[in-house]
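Trainee: Sharing a structure with you now.
The values are calculated or read from the model by the stated rules, or taken from the named source; none is laboratory data. Quick caveat: nothing in here was measured; it's all calculated off a predicted structure. Glycine also receives a Cβ, built like all others from the backbone with ideal geometry; neighbour counts cover every protein chain displayed.
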Amino acid sequence: MEAQYFPITKWSEEDKPREKLMSKGKSVLSNAELIAILIGSGSRNESAVCLSKRILASADSLNTLGKMSVSELINFKGIGQAKAIMIIAALELGRRRRAEDTVELTKITSSKMVFDIMQPLIGELPHEEFWVLFLNNSNKVISKSQLSKGGISGTIVDVRLVFKLALEINATSLILCHNHPSGALKPSDADIKITKKLKWAGDSLDVKVLDHLIITETKYYSFVDEGIF
C-alpha cells in the first residue's frame, strides 16, 4: 500500500523545521530539515523534508552535496534552478566560514594544522593550485596567498614572486602547499624539484621554507614528516 503524503503544513508546530529552529535551536535540526528550510517547499506529492532526505541519500554526505552543480541538482523532481542555487550558495558559505575560522594568526606546530587551514580552500578543487602560508618569527600565519592556478596535473610557480611577497610582509618563514585533484599523495619529480629550488632560494634570503604539503580531499603528504627536507 502506497504511503499517504502528509504535507508539512499539517505537521504539529513543534515538528515544522522553521518553528523547531525557533523554539529549540539550530543544533537539533537534522541536515534534511536545514535543507528543507532553504528550499522552502517540496512538490505536490512530497514535502520539503522528504525531498531533502532523498537528495542527501543520493549525495551520501554534505561534502558530496557541496560539489554538485546546478544541472545535477535540478535532476531531482521538486528542485528548480532557484532552489539549486540556494543550496549551492548555502554550502559554499559554510565552506568559507570553516576556512576563515582556522586562519586568524594561527601558530603552526604541526603539518596537521596546515592541512586544517588549507583543506577547505584547495582540498576539493578539480584543478591544481599552489599556495604559500607566510609566517612570522613566532610561527604564526600572517598571510596566505595563491601563487598559481593550473590544470588537473600541474601549476607553474614563480620563485621570485614567492620571496617578493615574503619580504614585503616581513615573513621569516613560509610553508608551501598545493593540491592533487587526482587524490594521489606521492610527490612528482616536478614537486620535489620546485621544493628544492624554493628551499635553496629561501636559505639565501634568510626566509626559511619549513615544509611543503600536498593536499587531497581527506589526506595530506608532508615533505618534513616524510623526511624529504
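Trainee: Where residues in the stretch 184-229 are surrounded by 15 or more Cβ atoms within 10 Å (Cβ to Cβ) and among the polar types (S, T, N, Q), which of them is nearest to Met118 (Cα to Cα)?
Mentor: Only one residue fits best here, namely Thr216.
Trainee: Among what's in the stretch 72-101 and is of a type outside the set (Gly, Ala, Ser), in a helix (DSSP H, G or I) and in contact (Cβ under 8 Å) with a residue 40 or more places away in the chain, pick the residue that is surrounded by the most Cβ atoms within 10 Å (Cβ to Cβ).
Mentor: Looking only at the stretch 72-101, we keep the residues that are of a type outside the set (Gly, Ala, Ser), and these are 72-77, 79, 81, 83, 85-88, 91-93, 95-98, 100-101.
Checking which are in a helix (DSSP H, G or I) leaves us with 72-73, 81, 83, 85-88, 91-93, 95-98, 100-101.
Imposing the further condition that a residue be in contact (Cβ under 8 Å) with a residue 40 or more places away in the chain reduces the set to 83, 86-87.
Details: Lys83: 22, Met86: 17, Ile87: 20.
Of everything passing the filter in the stretch 72-101, Lys83 is surrounded by the most Cβ atoms within 10 Å (Cβ to Cβ).
Trainee: Out of (1) out of contact with any Asp or Glu (no Cβ under 9 Å at 6 or more places or on another chain); (2) at pLDDT 85 or above; (3) surrounded by 11 or more Cβ atoms within 10 Å (Cβ to Cβ); (4) over 22 Å from Ile85 (Cβ atoms), the odd one out for Val28 is which?
Mentor: With respect to (1) out of contact with any Asp or Glu (no Cβ under 9 Å at 6 or more places or on another chain); (2) at pLDDT 85 or above; (3) surrounded by 11 or more Cβ atoms within 10 Å (Cβ to Cβ); (4) over 22 Å from Ile85 (Cβ atoms), Val28 is out only on (3).
Trainee: Please tell me if Lys199 is closer than 18 Å to Leu121 by Cα and not in a loop (DSSP other than H, G, I, E, B). Don't jump to the end; show me each part of the working.
Mentor: Details: closer than 18 Å to Leu121 by Cα: no; not in a loop (DSSP other than H, G, I, E, B): yes.
When the stated conditions are applied, Lys199 does not pass them.
Trainee: Could you tell me whether any residue of the stretch 164-182 is free of Cβ contacts under 8 Å to residues at least 40 places away in the same chain, part of a helix (DSSP H, G or I), aliphatic (A, V, I, L, M) and over 30 Å from Lys67 (Cβ atoms)? Before the answer, list the steps.
Mentor: In the first step, residues of the stretch 164-182 are kept if they are free of Cβ contacts under 8 Å to residues at least 40 places away in the same chain; the result is 164-165, 168-173, 182.
With the extra rule that they be part of a helix (DSSP H, G or I), the set shrinks to 164-165, 168.
Still in the list and also aliphatic (A, V, I, L, M): 165.
Those left that are additionally over 30 Å from Lys67 (Cβ atoms): 165.
Yes, because at least one residue in the stretch 164-182 is free of Cβ contacts under 8 Å to residues at least 40 places away in the same chain, part of a helix (DSSP H, G or I), aliphatic (A, V, I, L, M) and over 30 Å from Lys67 (Cβ atoms).
Trainee: Right, Gly227: assigned to a loop (DSSP other than H, G, I, E, B), outside the structural domain of Ser61 (by TED's automatic domain parsing) and free of Cβ contacts under 8 Å to residues at least 40 places away in the same chain or not? Walk me through how you get there before you give the answer.
Mentor: Details: assigned to a loop (DSSP other than H, G, I, E, B): yes; outside the structural domain of Ser61 (by TED's automatic domain parsing): yes; free of Cβ contacts under 8 Å to residues at least 40 places away in the same chain: yes.
Judged against the criteria, Gly227 is a match.
Trainee: Then there is this: Take Ala48 and decide whether it is touching a Ser or Thr at 6+ places or on another chain (Cβ under 6 Å) and within 19 Å of Pro17 (Cβ to Cβ). Quick ask: steps written out before the conclusion?
Mentor: On the way: touching a Ser or Thr at 6+ places or on another chain (Cβ under 6 Å): yes; within 19 Å of Pro17 (Cβ to Cβ): yes.
The answer is yes for Ala48.
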